[in-house]
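Please read the structure below before turning to the comments.
The values are calculated or read from the model by the stated rules, or taken from the named source; none is laboratory data. Quantities reported herein were computed from a predicted structural model and do not represent experimental measurements. Neighbour counts run over all protein chains shown; Cβ positions are idealised from the backbone, glycine included.
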Amino acid sequence: MSSADIVLAMAAVFLGAPVLLSLVMLVRSPRWSGPRAGWDLGLSAASTLAYALAFNLIFFVQELFLVVPKALTPGLKPTLFHNNHDWTGDNPLAELFQGTGALATVVVGLAFAVWVTRRPPRSRALRLFATWMALLGLLEALPQVLIGSVIPQNDVGRAMTYLGLQPGAKIAASVAAMLAMALACGVIAPLLLTLVPGAEAQGPRGRARTVFRFAVLPALAAVALIVPFRVPGAPIEILFPPVVATLVAVTWLQAWSWVAPRAPADPPRAGWSVPVLLVALGLLLAVFQVVLRPGIAFY
């Protein structure tokens, strides 16, 4: 069995295990007999918008930091687009710099994670945005380690080839990436429980229901909002990145919700969450399609 086959098998287990755990917990957990918290559709809508906003901003950070190191490298002339980047010229370091985008998004994700866990914003819109930025900063980057171990032509795969990583090192890196993604979802799940007062008091089913309504369903719905930022392009380029990140997010967040304690933070203020996030998302879409789509030359 090749290292690529091993990584693919591990990825299947990585996505299948949390789904199995959630199904087992659904069957075994007792039903809550007391009053249930209502479904705040405005909160679900705000979470959907915040997820789409965060995903596209993280993607922009990734592409920006794929371009900037190349722009500072003699012989390379990079151009930034709304859904990719390209360059002309030749320098061996270009292959190494194919990994700088993923590294930058991890740094951004960790910075937001520190913020949202230590001082959760009081505004609902800002808390949702910061929470999704923290998670997607990691989930947009770390799957590329697994993909690069199977497909050397992807961004991180090219950087690993430049570094001369052997099959064993690629497997170890893939294991570390999967552990980091699972732990990231474990850190974020308790924060999601702070969105609804009393959700944690309704037992495992109440926690799981809260995460399903205000994280899992919004993340899945947000994929449709992400597509306009990425067109035109090949279908796999448009759909593959958001689908991969979202599958990891929804499976592991739902699994953690059954056992996660509520984070020590007060519920956020609702305010004008949906209008604020909708305007921000619309402005970002304009930047992507009007400014970035024609291309910005960094030379």
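Just wondering, is there one or more residues in the range 201-208 that are at pLDDT 90 or above and of a type outside the set (D, E, K, R)?
Yes, there is a match, as at least one residue in the range 201-208 is at pLDDT 90 or above and of a type outside the set (D, E, K, R).
Would you check which residues across the range 268-299 are within 22 Å of ARG119 (Cβ to Cβ) and over 23 Å from the mean Cα position of the chain (by Cα) and list them?
Selection gives ARG269, ALA270, GLY271, TRP272.
Being in contact with a helix residue (DSSP H, G or I) (Cβ under 8 Å, 6 or more places away or on another chain), closer than 29 Å to ILE171 by Cα and surrounded by fewer than 24 Cβ atoms within 10 Å (Cβ to Cβ) narrows it down to one residue among ALA104, ALA141; which is it?
ALA104
Residues ALA177, ALA189: which one is in contact (Cβ under 8 Å) with a residue 40 or more places away in the chain and aliphatic (A, V, I, L, M)?
ALA189
Failed condition for TRP32, given (1) assigned to a helix (DSSP H, G or I); (2) modelled with pLDDT under 95; (3) aromatic (Phe, Trp, Tyr), with all others met?
All conditions are met except number (1).
Looking only at residues that are out of contact with any helix residue (DSSP H, G or I) (no Cβ under 9 Å at 6 or more places or on another chain) and either outside any loop (DSSP other than H, G, I, E, B) or of a type in the set (Phe, Trp, Tyr) (or both) in the range 150-182, which one is farthest from VAL116 (Cα to Cα)?
ALA172
Kindly list, by first and then second residue, each pair from a residue in the range 1-18 that is over 14 Å from ALA176 (Cα atoms) and touching a residue at least 24 places away in the same chain (Cβ under 8 Å) to a residue that is in a helix (DSSP H, G or I) and among the charged types (D, E, K, R), limited to pairs with Cβ atoms under 7 Å and residues at least 6 apart or on different chains.
What qualifies is SER3/LYS170.
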